[in-house]
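Some notes on the structure that comes next.
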Amino acid sequence: MSLQNYIDRINVINENIRKFSQYPKKVKLVGVSKTFSVEKIQMAIEAGIKVIGENKVQDAIAKFEKESFPGIERHYIGKLQSNKVNKVLNNFHFIHSLDREKIVKKIDKSGSQIKCLIEVNTSGEKSKGGVEPEELGNFICKLHKYKSIRIVGLMTISPLTKNEDEIRKSFKNLKELLEANKKNETDNIHFNELSMGMTNDYKIALQEGATMIRIGRGIFGSRK
C-alpha cells in the first residue's frame, strides 16, 4: 500500500471524527499496529498517525528495539498479564486494559506515571475481559488506597454482532458508567476518557462520546 493510500484512509477517518463527534478536537486516533511491520507503521506515521496501539508485549518490544518511533505515543491495548507489567511500563505511555486489582497494585508499587483506562465488559460476552458493569463502582473504590496509579477513563470492546442497536447500547452503557463514577474521582483517579470503537463501529462510538478510537484495518488494511 502506498503512502497516499495511508493518507487517504486517515483523511476519511478524520473527516468522520469531525462529522460524528460532538467534540472532534478531543478525539485521539489510535492506529492499531499489531501484527504490522515497522515499515508499515513508519508509513502510517508519515501519513499523520501520532498514536500506535499494540496488544502483544513481546511483539511490540521487538518492533521498538528496531525503531523507537520518537514523538509517537504508544498505547498497550491487549490483556495485561501480571508477569508482563514491568515490560509494559517500560515501553508504553498508556494502558487501555486495566481490570484487576493485582495489576493495579504492581503499577502503583512501581511509581510509574503511566496513564490507565479501566476495561469494562459492556458486551456481556464471556470471551471478553474487563470489569463487569455492576462491579465497576466497587472496583474503583478499591483503587482509592493506591496513590500512584493514574486512572483517566474507561475502555470497552463492543459485542461481536452486526446489530447496531446492540453496539450502540454497549457504548452508551460505558458513557453512563463514566458519568456515574465521577463521584468516585480522587486526585489520581479521573473519568475523562472513553476508549471505544474500532474499524467497523467507530462512527457509532463517536456519536456516543468516544474520545479514543482504535483503528487497525481501517488504516493498515487487512491482516494476513
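The values are calculated or read from the model by the stated rules, or taken from the named source; none is laboratory data. Here the structure is a predicted model, which is why all the values come from computation and not from measurement. In this analysis, Cβ positions are derived from the backbone assuming ideal geometry, glycine residues included, and neighbour counts consider all displayed protein chains.
Values as computed for the structure displayed
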| quantity | calculated |
| --- | --- |
| Leading residue by the ranking (modelled with the highest pLDDT) among those in the stretch 75-88 that are under 17 Å from residue 143 (Cβ atoms) and buried (at least 17 other Cβ atoms within 10 Å of the Cβ) | 85 |
| Qualifying residue in the stretch 154-177 (condition: on the phi > 0 side of the Ramachandran plot and either surrounded by 16 or more Cβ atoms within 10 Å (Cβ to Cβ) or touching a helix residue (DSSP H, G or I) at 6+ places or on another chain (Cβ under 7 Å) (or both)) | no |
| Residue selected from the stretch 19-34 under the condition touching a Ser or Thr at 6+ places or on another chain (Cβ under 8 Å) and closer than 10 Å to residue 51 by Cβ, by the criterion surrounded by the fewest Cβ atoms within 10 Å (Cβ to Cβ) | 28 |
| Yes/no for residue 209 being surrounded by fewer than 24 Cβ atoms within 10 Å (Cβ to Cβ), in contact with a strand residue (DSSP E or B) (Cβ under 6 Å, 6 or more places away or on another chain) and in contact (Cβ under 8 Å) with a residue 60 or more places away in the chain | yes |
| Residues satisfying the stated conditions in the stretch 178-206, i.e. assigned to a strand (DSSP E or B), out of contact with any helix residue (DSSP H, G or I) (no Cβ under 8 Å at 6 or more places or on another chain) and either of a type in the set (D, E, K, R) or crowded, with 20+ Cβ neighbours inside 10 Å (or both) | 193, 195 |
| Count of residues meeting criterion [in a loop (DSSP other than H, G, I, E, B), in contact with a Gly (Cβ under 6 Å, 6 or more places away or on another chain) and under 23 Å from residue 2 (Cβ atoms)] in the stretch 39-58 | 1 |
| Only one of 107, 151, 157, 140 that is in contact with a strand residue (DSSP E or B) (Cβ under 6 Å, 6 or more places away or on another chain), in contact (Cβ under 8 Å) with a residue 24 or more places away in the chain and aliphatic (A, V, I, L, M) | 151 |
| Long-range neighbours under 7 Å by Cβ, at least six apart or interchain, first residue within 16 Å of residue 93 (Cα to Cα) and without any contact (Cβ under 8 Å) to a residue 60 or more places away in the chain within the stretch 45-68, second of a type in the set (Ser, Thr, Tyr) and not in a loop (DSSP other than H, G, I, E, B) | 54/76 |
